[in-house]
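The values are calculated or read from the model by the stated rules, or taken from the named source; none is laboratory data. None of the values given here were measured: they were computed from a predicted structure. Counting neighbours? That spans all protein chains shown, and the Cβs are built from the backbone with ideal geometry, glycine included. Note: accessible area is taken over every heavy atom of the protein model, side chains too, but ligands, DNA and RNA are not part of it. Shrake-Rupley method; radii C 1.70, N 1.55, O 1.52, S 1.80 Å.
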Amino acid sequence: MTQAHAEAIAEFRRRKDEHFAAGRGPIGAAALAEFRGLSYFAPDPAWVFTVPVQPGDLAEMTLGTNTGETRTMARFGLATVDLPSGSHTLSLFAPLGEEKPARVFVPFRDATSRTGETYGAGRYLDAPLAQAPESDEMLVHLDFNMAYHPYCAYGDGWTCPLPPAENVLPDAVQVGEKLPSGVAN
């Protein structure tokens, strides 16, 4: 892992911890007095992928949520990553009507969601898009070190989209945000 990448991960985590500590996150006032920062796995460069986007049709796709409501998003495209268990194709989402987003939303669940290391309903990535040099191909940068829990992992009253079936990974993605020990999910 490069020094710049390690610093970017540390800065992302510092900003999120500051945001939560300032009371702007989902942690209730009573818990804020004892808040000392979120829990994270150690960064691992093996969980960083820059891969081509297989274009989607921007068709509306309805995602379930933790509250039983639904969220409608546009399926921007697909991205295939080589995981320890083999290749896996993920759906990438964009807000409805946004044909050229700068980032895509990637809700996913993995083996850590089943073991209680991370939130049972899954985690999220906000993955930047970029034009490939010297071609028209669109690339997505999937850095699972930046995986984070939705607000519903920390408290009631939040509606969070759930990953579709194709975004359930068989591998344990032991990078990004994790649940503090002793937290039920």
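How about region 125-157: which of its residues are open to solvent by 20 Å² or more (accessible area, probe 1.4 Å), at pLDDT 90 or above and either in contact with a Cys (Cβ under 6 Å, 6 or more places away or on another chain) or not small (Gly, Ala, Ser) (or both)? Listed by number, the residues that qualify are ASP126, PRO128, LEU129, GLN131, GLU137, MET138, LEU139, HIS141, MET146, TYR148, TYR151. When we screen GLY97, GLY77, GLY56, GLY25 for residues that are surrounded by 15 or more Cβ atoms within 10 Å (Cβ to Cβ) and out of contact with any Phe, Trp or Tyr (no Cβ under 8 Å at 6 or more places or on another chain), the only hit is GLY77. Please find, within region 135-168, the residue that is nearest to GLY86 (Cα to Cα) out of those that are among the aromatic types (Phe, Trp, Tyr) and not in a loop (DSSP other than H, G, I, E, B). Looking at residues that are among the aromatic types (Phe, Trp, Tyr) and not in a loop (DSSP other than H, G, I, E, B), I get PHE144.
Under 8 Å between Cβ atoms, at least 6 apart or on separate chains: pull out the pairs that start in region 126-148 with a residue that is touching a residue at least 40 places away in the same chain (Cβ under 8 Å) and end on any residue that is surrounded by fewer than 12 Cβ atoms within 10 Å (Cβ to Cβ) and among the hydrophobic types (A, V, I, L, M, F, W, C). Partner pairs satisfying both residue conditions: LEU129/ALA102.
Given the criteria farther than 17 Å from ASN167 by Cβ, open to solvent by less than 30 Å² (accessible area, probe 1.4 Å) and either of a type in the set (S, T, N, Q) or in contact with a helix residue (DSSP H, G or I) (Cβ under 6 Å, 6 or more places away or on another chain) (or both), does PRO43 qualify?
No; evaluated as a whole, the condition is false for this residue.
Just checking, how many residues over region 47-74 are assigned to a strand (DSSP E or B) and of a type in the set (D, E, K, R)?
The first filter runs over region 47-74 and keeps only residues assigned to a strand (DSSP E or B), leaving 48-52, 54-55, 60-65, 70-74.
If we keep only those that are of a type in the set (D, E, K, R) too, we end up with 60, 71.
Going through region 47-74 one residue at a time, the tally reaches 2.
When region 16-44 is filtered for residues that are part of a helix (DSSP H, G or I) and either among the aromatic types (Phe, Trp, Tyr) or modelled with pLDDT of 95 or more (or both), only PHE20 remains. Hey, any hits in region 111-123 for a residue that's touching a Pro at 6+ places or on another chain (Cβ under 7 Å), within 22 Å of GLY64 (Cα to Cα) and part of a strand (DSSP E or B)? No; the residues of region 111-123 include none that is touching a Pro at 6+ places or on another chain (Cβ under 7 Å), within 22 Å of GLY64 (Cα to Cα) and part of a strand (DSSP E or B).
Here region 59-70 is the region considered, the condition is being out of contact with any Phe, Trp or Tyr (no Cβ under 9 Å at 6 or more places or on another chain) and not polar (S, T, N, Q), and the residue that is most open to solvent (accessible area, probe 1.4 Å) is GLU60.
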